[in-house]
Every structure is written in C-alpha cells, then in structure tokens.
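Each remark here refers to the structure printed beneath this line.
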Amino acid sequence: MRLVFLGPPGAGKGTQAMQQAEQRGLRYIATGDELRKAIAAGTPLGLQAKAYTSTGRLVPDEVIIGLARELLEQPGAEAGVIFDGFPRTIGQAEALDALLRERGEALDAVLYFDVSSDAVVKRLSGRRVCRQCGATFHVESLPSQRGDVCDRCGGALYQREDDRAETVSRRLQVYQEQTAALLDYYRAQGLLVRLQADRSIAEVRAAVNAAIEATARRRAPKAAATGQGSA
Ligand code: AMP
C-alpha cells in the first residue's frame with residue numbers, strides 16, 4: 001500500500017499519517033521531519049535547507065527528490081509507505097511516479113485533507129512537536145499529559161520556528177501557489193480521495209480508516225492477479 005497524505009500545512013496529515021503507519025506497519029516518510037533532523041545535526045543537507053524552511057519556502061525539487069529516493073531505498077519500505085508533505089510540486093509528483101515505477105510499484109491513493117485557512121492558522125499556532133520522536137500535540141485540542149514533555153517518548157516539546165504567525169501565512173501562500181495544483185494531477189489519475197479535515201482528530205481518523213480500507217479492497221483483486229500480497 002502506497003499512500004500520499006496531501007493538504008495545507010496544519011491540516012492534520014502528520015498526526016493521522018503517524019497513527020496509520022504505526023497501526024498498519026507501513027513506513028512513514030515525512031520530508032519535513034527529515035529536513036528538521038538534518039538541520040539539527042548540521043549536515044550539508046540541513047545547511048542547504050535551513051534558509052528555505054525558516055522562511056516558509058519550498059526546498060528545491062532536486063534536493064527533495066534526492067532525499068525521497070534515499071528514504072525509499074532504506075529497508076522497511078517494502079510493506080508500504082505513507083508520504084507526508086511529499087510531493088509538494090508537480091515536478092516532485094512526476095519524480096515520485098518515476099521512482100516508484102523503477103521499483104515496480106505505484107501509488108494506491110492520495111488522501112486530500114481539506115481544511116479552511118482559518119482552522120489551519122489556529123492549529124499551527126498551538127502546535128507543539130516532540131524533538132525526539134516527532135509526535136505532534138496542540139496546546140488546546142491535544143495537549144501532552146506531561147506538559148512540555150512528550151507523553152509517548154519523554155522528549156522535550158517545542159514550537160517549530162516556521163509555526164510562528166509571520167511564517168504561517170507565507171507557507172499557506174506557497175501551498176496555494178505550488179502544491180494545490182497536485183489536486184488536479186492526482187484527480188486526473190483517479191487517485192484523489194477528499195476528506196473533510198475541519199473535524200476532531202477521532203472523526204478524521206474514522207474517515208482516513210474508511211478511505212484506506214476502501215483502497216485496500218480495490219487493490220485486492222489487482223494484487224491477486226499479479227500474485228502480490230496486499231500489504
Ligand atoms: P512540513 O514539516 O512538511 O510542514 O515541512 C516543513 C518545511 O520543510 C516546509 O515549509 C519546506 O520548507 C520544507 N519541505 C518539507 N517537505 C518539502 C517538500 N516536499 N518540498 C519542498 N520543501 C519541503
């Protein structure tokens with residue numbers, strides 16, 4: 001099963017993608033998380049990415065496509081993958097199609113988290129992230145039981161530099177200008193599944209479950225015909 005979770009920043013993709021990946025034994029691939037790790041470690045990739053991420057702009061396609069290739073080649077992606085925050089441009093989407101084709105794979109569905117800009121601004125300004133495991137919380141709607149400490153792994157929670165108000169509006173503009181075009185791209189391929197994401201985490205989770213289960217049912221006859229499993 002290969003899925004893309006698509007939508008504006010703050011739509012709740014990461015929260016849902018991490019839960020689904022854990023529950024279904026799929027690999028979770030989030031280019032934003034990898035960039036933050038690289039920035040924290042001061043690697044060449046991190047040094048290159050920082051100027052873009054801190055101002056809410058997109059890191060150039062060739063850098064991101066190289067990173068996606070590396071992540072896909074790591075062990076653990078065989079059973080299936082959920083991509084979160086990738087692809088974000090048509091160039092990246094075409095590159096992902098080509099990367100998967102090389103591996104004899106293809107996307108099964110693209111779940112579009114549809115949410116208003118107002119809701120996004122509220123979610124991002126209250127978002128807190130675990131420095132250690134990347135889990136996300138919200139000061140009002142999903143606080144950690146342990147205050148400033150992650151209740152999954154004990155790591156410290158912090159506010160992302162790009163979740164501050166001045167960068168959020170830039171990220172939303174970038175989404176409209178560069179990422180929203182992917183909706184038509186995937187709709188034309190018959191892969192797009194729209195979810196109403198202006199709802200509680202539990203309600204969105206139920207919709208995500210239903211979408212993934214419908215995808216698995218559609219996939220089953222194809223997998224049987226090609227002799228592949230239905231991971
Ligand atoms: P995210 O955690 O997905 O919101 O990503 C945080 C930041 O990392 C974005 O605002 C971009 O600067 C950068 N980034 C993450 N994924 C991508 C991508 N697929 N293409 C370009 N830039 C990205």
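The values are calculated or read from the model by the stated rules, or taken from the named source; none is laboratory data. Computed from a predicted model, the values in this text were never measured in an experiment. Backbone-built Cβ (ideal geometry, glycine too); neighbour counts: all protein chains shown. Each accessible area value is taken on the protein alone, full model and side chains, heavy atoms only, with ligands, DNA and RNA left out. Shrake-Rupley method; radii C 1.70, N 1.55, O 1.52, S 1.80 Å.
Observations on the model:
- Region 68-105, residues that are more than 23 Å from Gln178 (Cα to Cα) and in a loop (DSSP other than H, G, I, E, B): Gln74, Pro75, Gly76, Ala77, Glu78, Ala79, Gly80, Arg103, Gly104, Glu105
- Each residue in region 142-171 was checked for being free of Cβ contacts under 8 Å to residues at least 60 places away in the same chain, surrounded by 14 or more Cβ atoms within 10 Å (Cβ to Cβ), assigned to a loop (DSSP other than H, G, I, E, B) and within 16 Å of the ligand (Cβ to nearest atom), and 1 of them qualify.
- Here is the figure for region 141-180: residues that are among the aliphatic types (A, V, I, L, M) and more than 17 Å from Ser117 (Cα to Cα) total 4.
- Of all residues making up region 181-220, the number that are open to solvent by less than 70 Å² (accessible area, probe 1.4 Å), part of a helix (DSSP H, G or I) and more than 17 Å from Ser117 (Cβ to Cβ): 19
- In region 73-89, residue nearest to the chain's Cα centre (by Cα) [restricted to those that are closer than 17 Å to Ala109 by Cβ and within 16 Å of the ligand (Cβ to nearest atom)]: Asp84
- Within region 90-118, being among the polar types (S, T, N, Q), in contact with a helix residue (DSSP H, G or I) (Cβ under 9 Å, 6 or more places away or on another chain) and modelled with pLDDT under 95 holds for one residue alone: Ser117.
- The conditions of being within 16 Å of the ligand (Cβ to nearest atom) and either assigned to a helix (DSSP H, G or I) or open to solvent by 40 Å² or more (accessible area, probe 1.4 Å) (or both) are met by Val121.
- Checked against the criterion of being acidic (Asp, Glu), away from the ligand (no atom under 16 Å from the Cβ) and modelled with pLDDT of 95 or more, the candidates Asp184, Asp198 yield just one match: Asp184.
- Filtered by the rule that a residue be in contact with a Ser or Thr (Cβ under 7 Å, 6 or more places away or on another chain) and open to solvent by 50 Å² or more (accessible area, probe 1.4 Å), region 80-118 gives a lone residue, Arg88.
- Taking (1) small (Gly, Ala, Ser); (2) more than 8 Å from the ligand (Cβ to nearest atom); (3) touching an Asp or Glu at 6+ places or on another chain (Cβ under 6 Å) in turn, Gly25 satisfies each apart from (3).
- Residue check: Ile65 meets all listed conditions (1) open to solvent by 40 Å² or more (accessible area, probe 1.4 Å); (2) part of a loop (DSSP other than H, G, I, E, B); (3) within 10 Å of the ligand (Cβ to nearest atom) but one, namely (2).
- Unmet requirement for Thr15, which otherwise passes all of (1) near the ligand (Cβ under 10 Å from one of its atoms); (2) modelled with pLDDT under 95: (1)
- Residues within region 34-57 that are near the ligand (Cβ under 9 Å from one of its atoms) and open to solvent by less than 40 Å² (accessible area, probe 1.4 Å), tallied: 5
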